[in-house]
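*Asks:* The structure follows.
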């Protein structure tokens, strides 16, 4: 049961909305350097990133390797472009590094590399792996001097990977309660609607059947997201937990929301100016 | 007769109650694996051990009984196990995970590459029953491609012990290796090649030379070291000068030991329980191709085909990978 938590303060709401906007505007800026990138995939999880990094995760500024930190893994590694600016904001990496995103020798690629980017808790890019990795980390926490939680942000297209369900089975079998998966249910993968490609529904029932505690939430409502994730973080857990966050692919940019092809793309100068104007008006 | 071993020790059930436990009793290599890991755990090394529903086949049941809190049963989900091992390693642990080599190196090739090697984490992956040691279980259970796959993965150390004593020496020598390691081991019943004393100066990456061969040097790895040494004895008794190199480390490869053969041996014969493409023979060929005055090279192993079913010893005879077969191949090649 979700416990009633104190409501989220006005200042916090403003901060979370601002940071979600920051994820989107920085994504536009960085993808422009690379000349191609995952705009829409990062936009759908901008609020999830904001709430995790500015309310939920137990982190220490400037200490990306603090052993007791909560971990955040990206199953959907292609959203890293939205995560990097937040890592810089936390003082884990120099802000100037962002300016050379994806250029030869820069540590920041489309998919994150833990050996090069401080604050990236695990490398990603091959869908389906990181829930298993998170399971290992969560079990590893049992042997660590200080406990921590492991959050894994999964794509909804990623749910078609068999390894996700291997990890899901094992996590509930082993009673791993410090593993929290968040599914960015933005309805689309590269070739179209997920449910036209390889039907996921009833997704919540699947996770329930695999022995997980399941929650559903509007993934763009920072208040609802914060309240839910706080209740999970502070509540008593008896199972691994999954949050199905219902989101909109390309959220924040009208034409990206209505045209699915923006999973991967690039904006020319005029479009980019229009997009920035629209994003700036969001908050 | 019962197959439920969950409530009692699998080991010690003598008397023919269950065939697998009898087989395990004979598998000294697997006792060594569990015992050495238990020894390291006892010393305080941050070891955890996992398997994918094969704890009786690889003997890790022995470790599990001793350290149940450090043993993770993943069930039949090998890819999940390898990725989870990487996650475990990222928290400061040294996970040892084991399954059949055919599943580890082929099914989990990408998890090995992306999650353990790209990240350069200290994951220990034991691929057992490699080559054709699972004889009549068929191609799905044979691993004749694992060296080819693993040695092309950057950051990954690839080891193939010849016998239980060498497996123990390798485990001890590998404790401080930062990156991931793939151990290629047989069915745990390889005949003894070394005593512990023989291996007192064992070092990863440094091949072991058994005599100089003016006429022929056999370079063998893993399960093929013992029959190669036996074959060398026979050939010597026929008046030929034959040496054997035990190439226990496939990566990083001891190129110096191979290059040093130039001018010192008449020919080189590589012997491996692996497809002749991409494994030990290929590694030796790569070195000799760049060596001045390179000796003639002959590669011997499993041809580029799927092996028939049959008991392992019969397959070794079929492919001339037993001592008599290796000696015969050497005679043919030397003329």
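The values are calculated or read from the model by the stated rules, or taken from the named source; none is laboratory data. These numbers were taken from a predicted model, which means no experiment stands behind them. Heads up, the Cβs are rebuilt from the backbone with ideal geometry, glycines too, and the neighbour counts pull from every protein chain shown.
*Asks:* Among the residues of the stretch B:116-128, is any facing chain A (nearest Cβ under 8 Å), in contact (Cβ under 8 Å) with a residue 12 or more places away in the chain and buried (at least 23 other Cβ atoms within 10 Å of the Cβ)?
*Replies:* No, there is no match, as no residue in the stretch B:116-128 is facing chain A (nearest Cβ under 8 Å), in contact (Cβ under 8 Å) with a residue 12 or more places away in the chain and buried (at least 23 other Cβ atoms within 10 Å of the Cβ).
*Asks:* How many residues, within the stretch B:281-308, are in a loop (DSSP other than H, G, I, E, B) and surrounded by fewer than 15 Cβ atoms within 10 Å (Cβ to Cβ)?
*Replies:* 8
*Asks:* Just to be sure before I move on: is residue A:134 facing another protein chain (nearest Cβ under 10 Å), under 18 Å from residue A:76 (Cβ atoms) and in contact with a strand residue (DSSP E or B) (Cβ under 8 Å, 6 or more places away or on another chain) in the structure I sent? It would help to see each step written out before you state the result.
*Replies:* Working: facing another protein chain (nearest Cβ under 10 Å): yes; under 18 Å from residue A:76 (Cβ atoms): yes; in contact with a strand residue (DSSP E or B) (Cβ under 8 Å, 6 or more places away or on another chain): yes.
Considered against the rule, which asks whether it is facing another protein chain (nearest Cβ under 10 Å), under 18 Å from residue A:76 (Cβ atoms) and in contact with a strand residue (DSSP E or B) (Cβ under 8 Å, 6 or more places away or on another chain), residue A:134 comes out as yes.
*Asks:* Could you tell me whether residue B:79 is surrounded by fewer than 21 Cβ atoms within 10 Å (Cβ to Cβ) and touching a helix residue (DSSP H, G or I) at 6+ places or on another chain (Cβ under 9 Å)?
*Replies:* It is false that residue B:79 is surrounded by fewer than 21 Cβ atoms within 10 Å (Cβ to Cβ) and touching a helix residue (DSSP H, G or I) at 6+ places or on another chain (Cβ under 9 Å).
*Asks:* For the stretch B:287-307, does any single residue satisfy the condition of being touching a helix residue (DSSP H, G or I) at 6+ places or on another chain (Cβ under 7 Å) and either within 25 Å of residue B:199 (Cα to Cα) or at pLDDT below 95 (or both)?
*Replies:* No: the stretch B:287-307 contains no residue that is touching a helix residue (DSSP H, G or I) at 6+ places or on another chain (Cβ under 7 Å) and either within 25 Å of residue B:199 (Cα to Cα) or at pLDDT below 95 (or both).
*Asks:* Is it true that residue A:154 is more than 7 Å from every other protein chain (Cβ to nearest Cβ) and touching a strand residue (DSSP E or B) at 6+ places or on another chain (Cβ under 6 Å)?
*Replies:* When the stated conditions are applied, residue A:154 passes them.
*Asks:* Any residue that is more than 9 Å from chain B (Cβ to nearest Cβ), within 26 Å of residue A:230 (Cα to Cα) and surrounded by fewer than 24 Cβ atoms within 10 Å (Cβ to Cβ) - is there at least one of those in the stretch A:186-195?
*Replies:* As a first pass, look at the stretch A:186-195 and keep what is more than 9 Å from chain B (Cβ to nearest Cβ): A:186-195.
Filter once more, so that each one left must be within 26 Å of residue A:230 (Cα to Cα): A:186-187.
Still in the running and surrounded by fewer than 24 Cβ atoms within 10 Å (Cβ to Cβ): A:187.
Among the residues of the stretch A:186-195, at least one is more than 9 Å from chain B (Cβ to nearest Cβ), within 26 Å of residue A:230 (Cα to Cα) and surrounded by fewer than 24 Cβ atoms within 10 Å (Cβ to Cβ), which makes the answer yes.
So that you can scan it fast, the table gives a plain yes or no per residue for (1) in a helix (DSSP H, G or I); (2) in contact with a strand residue (DSSP E or B) (Cβ under 8 Å, 6 or more places away or on another chain); (3) at pLDDT 95 or above; (4) more than 14 Å from every other protein chain (Cβ to nearest Cβ):
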{"residue": "A:47", "(1), (2), (3), (4)": "yes, no, yes, yes"}
{"residue": "A:55", "(1), (2), (3), (4)": "yes, no, yes, yes"}
{"residue": "A:61", "(1), (2), (3), (4)": "no, no, yes, yes"}
{"residue": "A:67", "(1), (2), (3), (4)": "no, no, yes, no"}
{"residue": "A:72", "(1), (2), (3), (4)": "no, yes, yes, no"}
{"residue": "A:83", "(1), (2), (3), (4)": "yes, yes, yes, yes"}
{"residue": "A:87", "(1), (2), (3), (4)": "yes, no, yes, yes"}
{"residue": "A:91", "(1), (2), (3), (4)": "no, no, yes, yes"}
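*Asks:* Here is a further query. Collect the residues in the stretch A:114-130 that are touching a strand residue (DSSP E or B) at 6+ places or on another chain (Cβ under 7 Å) and at the interface with another protein chain (Cβ under 8 Å from one of its Cβ atoms), keeping them in residue-number order.
*Replies:* A:121, A:122, A:130 - these are the residues of the stretch A:114-130 that are touching a strand residue (DSSP E or B) at 6+ places or on another chain (Cβ under 7 Å) and at the interface with another protein chain (Cβ under 8 Å from one of its Cβ atoms).
*Asks:* Sort out which residues of the stretch B:101-115 are within 14 Å of chain A (Cβ to nearest Cβ) and in a helix (DSSP H, G or I), and write them in order of number.
*Replies:* Correct list: B:103, B:107, B:109, B:110, B:111, B:112, B:113, B:114, B:115.
*Asks:* Is it the case, given these coordinates, that residue A:79 is outside any loop (DSSP other than H, G, I, E, B), within 27 Å of residue A:177 (Cβ to Cβ), away from every other protein chain (no Cβ under 14 Å) and in contact with a helix residue (DSSP H, G or I) (Cβ under 8 Å, 6 or more places away or on another chain)? Steps first, answer last, please.
*Replies:* On the way: outside any loop (DSSP other than H, G, I, E, B): yes; within 27 Å of residue A:177 (Cβ to Cβ): yes; away from every other protein chain (no Cβ under 14 Å): yes; in contact with a helix residue (DSSP H, G or I) (Cβ under 8 Å, 6 or more places away or on another chain): yes.
So residue A:79 passes the test.
*Asks:* Within the stretch A:59-82, identify whether any single residue is under 13 Å from the mean Cα position of the chain (by Cα) and surrounded by fewer than 21 Cβ atoms within 10 Å (Cβ to Cβ), and answer yes or no. Let's see the steps before the verdict.
*Replies:* From the stretch A:59-82, those under 13 Å from the mean Cα position of the chain (by Cα) are A:71-82; that's our starting set.
Now restrict to residues that are surrounded by fewer than 21 Cβ atoms within 10 Å (Cβ to Cβ): none.
For the stretch A:59-82, residues under 13 Å from the mean Cα position of the chain (by Cα) and surrounded by fewer than 21 Cβ atoms within 10 Å (Cβ to Cβ): absent.
*Asks:* Just checking, how many residues over the stretch A:33-43 are assigned to a helix (DSSP H, G or I) and out of contact with any helix residue (DSSP H, G or I) (no Cβ under 6 Å at 6 or more places or on another chain)?
*Replies:* 2
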